[in-house]
Amino acid sequence: MTKEILKELLKAMAIIILSSLPYIHDVITVRGGTFPAWVPDMGIQELLTNSEGYILGFSSYRVFIYTLFIHVFAHLGYLGWFFEAKDRLYRPFLLVPVSLSLYQIFVIMFDIRGTQLNTPNTKIILTIVISSLLAINFFFNNNKILSEHFLKHKDSLKNRKTLQTQTEEEQIL
């Protein structure tokens, strides 16, 4: 019992921490881009700063942290949804936003935002390619599951129609 409570508490804490990712930039940096006295200077800002004074292409460390954590936040949300969607037909298609959000994190981390890899055309083509490959793979490998699903759905529609007809007849009587 205690082990289960601890497990649920850890899940709750993880959700709270992940929910706060978009706001961490407010905690670890001051609006001017400097750090509060309690944040240790580990040299990360200097390591990521290029010769022009930009932090991986961003104007300040605060903007970099905000943008990166917004994308990490979205990625983890889609990833969590993917893992929770077991036995759902749409589960493989959640890999589209998972892969695209991971792609955007790589674009930010490798400072390639100004390249061809970050253009809308590239992202649209990437989305179409990933979606098409997943759809082809899904439909060719899940014929049995799809036929069972649609057969069950078809049966439920028939049952609903007969129930509606019966209730209409009962109302007339």
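The values are calculated or read from the model by the stated rules, or taken from the named source; none is laboratory data. Given the structure is predicted, the values throughout are model-derived calculations rather than measurements. All Cβ positions, glycine included, derive from the backbone under ideal geometry; neighbour counts span all protein chains shown. In case anyone asks, the SASA skips ligands and DNA or RNA and just uses the protein heavy atoms, side chains included. Shrake-Rupley method; radii C 1.70, N 1.55, O 1.52, S 1.80 Å.
Below, the figures for the structure above:
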| item | result |
| --- | --- |
| Pairs, first aromatic (Phe, Trp, Tyr) in the stretch 17-28, second open to solvent by 60 Å² or more (accessible area, probe 1.4 Å), C-beta under 9 Å, six or more apart | Tyr23/Tyr66 |
| Helices (runs of 4 or more DSSP H) lying entirely in the stretch 1-111 (those with 1 or more residues that are open to solvent by less than 40 Å² (accessible area, probe 1.4 Å), out of contact with any strand residue (DSSP E or B) (no Cβ under 6 Å at 6 or more places or on another chain) and hydroxyl-bearing (Ser, Thr, Tyr)) | 61-84, 95-109 |
